[in-house]
Amino acid sequence: MHEVVSSGPGLSIARMTEHDLLEVVEIEELSGISVWGWDAYHRELQSPQDVIMLVARTRATQTTQDQGRAIAGFIVSRLVAGELHINNVAVRPESHRRGIAAQLLTAVLREGRRNGALLAFLEVRAGNAAAQGLYRRCGFQVTGRRRRYYNQPVEDALLMSLLLETWP
């Protein structure tokens, strides 16, 4: 049974479990984000006090004929010294533009703040305008740049952060 963190019309967000990892890796591969792979996600799950890893399930994916693909998206973050570092956010391509990433981000920020985080930050590809727009809509601001941070292709990362004590 998955521990539900947030639920709304047509979408539930729950803590990620080992049973979710094959789908998480599939979504990672489809989305083009930096590859972690099964082993890295599994290692993160072994530190439940330091990580917040969530999956989103839509009622549509739960009731379609394709029962093997229940997860629409996921988010992975880590709590370190009062900071929430958002590592990965990805949504299945066929579920884009439905607000799933924003709901995942809101849920992880809420959980981070509940667990004592005062600041949230993330890196995003400098050329990924869609993701930057999402993060800005959620209150993040660009606070720095990491040169040549990403590989395949090599690209700068923008560092974006959000003060959680002033976040809604």
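The values are calculated or read from the model by the stated rules, or taken from the named source; none is laboratory data. Just so we're clear, the structure is a prediction, and the values are computed from it rather than from any experiment. In this analysis, Cβ positions are derived from the backbone assuming ideal geometry, glycine residues included, and neighbour counts consider all displayed protein chains.
Quick look at the values:
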| item | result |
| --- | --- |
| Pair list, Cβ < 9 Å and 6+ apart or interchain, from the stretch 80-106 residues that are part of a strand (DSSP E or B) to residues that are surrounded by fewer than 18 Cβ atoms within 10 Å (Cβ to Cβ) and among the acidic types (D, E) | V80/D50 |
| Pair list, Cβ < 6 Å and 6+ apart or interchain, from the stretch 27-52 residues that are more than 19 Å from H96 (Cα to Cα) and of a type in the set (F, W, Y) to residues that are surrounded by 15 or more Cβ atoms within 10 Å (Cβ to Cβ) and at pLDDT 90 or above | W38/L21; W38/V25; Y41/L21; Y41/V24 |
| Residue check for L118: touching a Gly at 6+ places or on another chain (Cβ under 7 Å), surrounded by fewer than 22 Cβ atoms within 10 Å (Cβ to Cβ) and at pLDDT 95 or above | yes |
| Residue list for the stretch 6-19, filter: more than 21 Å from N115 (Cβ to Cβ), in a loop (DSSP other than H, G, I, E, B) and modelled with pLDDT of 70 or more | G10 |
| Sole residue being within 18 Å of R114 (Cα to Cα), of a type outside the set (S, T, Y) and either touching a Lys or Arg at 6+ places or on another chain (Cβ under 8 Å) or at pLDDT 95 or above (or both), chosen from E3, E23 | E3 |
| Tally of residues being part of a strand (DSSP E or B) and either under 22 Å from N115 (Cα atoms) or charged (D, E, K, R) (or both) across the stretch 142-168 | 10 |
| Residue pairs meeting the criteria (Cβ under 6 Å; at least 6 apart or on separate chains; first β-branched (V, I, T), in the stretch 108-127; second modelled with pLDDT under 95) | V124/A131 |
| Subset of the stretch 42-63 that is hydroxyl-bearing (S, T, Y) and surrounded by fewer than 12 Cβ atoms within 10 Å (Cβ to Cβ) - its residue that is modelled with the lowest pLDDT | T63 |
